[in-house]
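The values are calculated or read from the model by the stated rules, or taken from the named source; none is laboratory data. Keep in mind the model is a prediction, meaning the values are calculated, not measured. We place every Cβ from the backbone using ideal geometry, glycine too, and count neighbours over all the protein chains shown. The accessibility values were calculated without ligands, DNA or RNA, using every heavy atom of the protein model including side chains. Shrake-Rupley method; radii C 1.70, N 1.55, O 1.52, S 1.80 Å.
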Amino acid sequence: MSDSARRPPKFPLRLDQMAAPRKTAPKAPHGSPVLKPATAAPLTPRPLLRPQLPLQHAAAVSARRTPPTGLGLDSAGVRQRMAERLRAEGLRNEAVIAAMAAVPRHLFVDAALVTQAYEDTSLPIGHGQTISKPSVVARMIELLMGGAACKASASLGRVLEVGTGCGYQAAVLSRLARQVFSVERVKPLHDKARELMAPLRATNVRLVYGDGMLGHPPNAPYDAIIAAAGGEALPAAWTEQLAVGGRIVAPVHDGSRGQVLVVVDRTEHGFERSIHEVVQFVPLKSGLVR
Ligand code: SAH
């Protein structure tokens, strides 16, 4: 156990104020390139749903949209090949591989980009944000599955995701967790994620419009917290809302290295953290966008 595990650390945790990491993986280009809004392809306008509309209604609206056809993307084989590539690149957790093979990523990207849906690349989703590349989603969830609570129960349990974006990662998480609470601060993205997720009927996912820097207190504590946006430090709310045995995986700014993936475990005695590879996520921002 490290010193930092015995002493309750001050929050928010900043990497440069924390004790030396347990282990540091070599630099690996695991990040999602941050796409500037200028490079983003225009999104096809889709009807936005009011948040209070029930999921069944969202499913009906979504069913009226024409899904991409003729590209073979609706075939499980395309996803299986993507999952096999992830395995070849070092992904080991079979449950994560199966979840990546199951979720139709092409349903979450804009029609103009759909042929790239199963390439290992991040893609623009509007509002200057991106869907993370599959290898990064898989890697972060694999790290999350290494938490004590998850190892004991073979499930992610109750998960908080900060940064719903288009909802793709929430859909992957839903296959590995009991419940997923996914928070998004940009209202149009939150609304669109509801629409995109509806056909999947992931009844264990709740999408929340809010500032994820505050966590989501109503359903805390969480067994797992995963962030798809990176800040200068881990917000105090996340460590406060983490259950004992739980794990956080998040990108955090680390001085000269830029952003790195940070893992924080909550034990009965305190917090332990480890630092992993360099990544490149969109910034974690406070407040709401309507
Ligand atoms: N997991 C997403 C990736 C989305 S990109 C996917 O699969 O598509 C990161 C998202 O984090 C963006 O949509 C951005 O708006 C959101 N974000 C940034 N700061 C946030 C905050 N404080 N609370 C909630 N969402 C936030």
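Considering amide H positions built from the backbone, and no H for Pro or chain starts, which residues 5 or more places from Val289, or on another chain, come under 5 Å of its amide H?
Answer set, sorted by chain and number: Val186, Lys187.
Give, in nm to one decimal, the length gained when the segment between Ser256 and Thr203 is fully stretched (0.36 nm per residue of separation minus the Cα-Cα distance).
Numbers: separation 53, 0.36 × 53 = 19.08 nm, distance 4.20 nm.
Taking 0.36 nm per residue and subtracting the Cα distance, the gain is 14.9 nm.
With charges only on Cβ, +1 for K and R and -1 for D and E, what is the dipole size of segment 160-290 about its Cα centre, in debye, rounded to 20? Walk me through the numbers before you get to the answer.
Values: 14 positive and 13 negative charges, 101 e Å.
Result for segment 160-290 is approximately 480 debye, rounded to the nearest 20.
Would you kindly derive the ³J(HN,Hα) couplings of segment 253-266 from the backbone phi angles with the Karplus curve 6.51 cos²θ - 1.76 cosθ + 1.60 (θ = phi - 60°), listing them in order in whole Hz, with x for Gly and Pro?
Those phi angles translate into 5, 9, x, 5, 7, x, 8, 10, 7, 10, 10, 10, 10, 9 Hz.
Which residues in segment 209-241 place their backbone N less than 17 Å from a point set 7 Å from the Cα of Ala152 along the Cα-to-Cβ direction?
221-225
Name the long-range amide H neighbours of Asp254: under 5 Å, sequence gap of 5 or more, or other chain; modelled H, no Pro or chain starts.
Those lying under 5 Å, H to H, from Asp254 are Gln259, Val260.
Would you tell me the accessible area of Glu89, worked out with a 1.4 angstrom probe on the heavy atoms of the protein chains, in Å² to the nearest 10?
120
Excluding ligands and nucleic acids, what accessible area in Å² is computed for Lys133 using a 1.4 Å probe, to the nearest 10?
Result for Lys133: roughly 30 Å² accessible.
Using a 1.4 angstrom probe on the protein heavy atoms only, could you order Arg158, Arg201 from most to least accessible area?
I get Arg201, Arg158, largest accessible area first.
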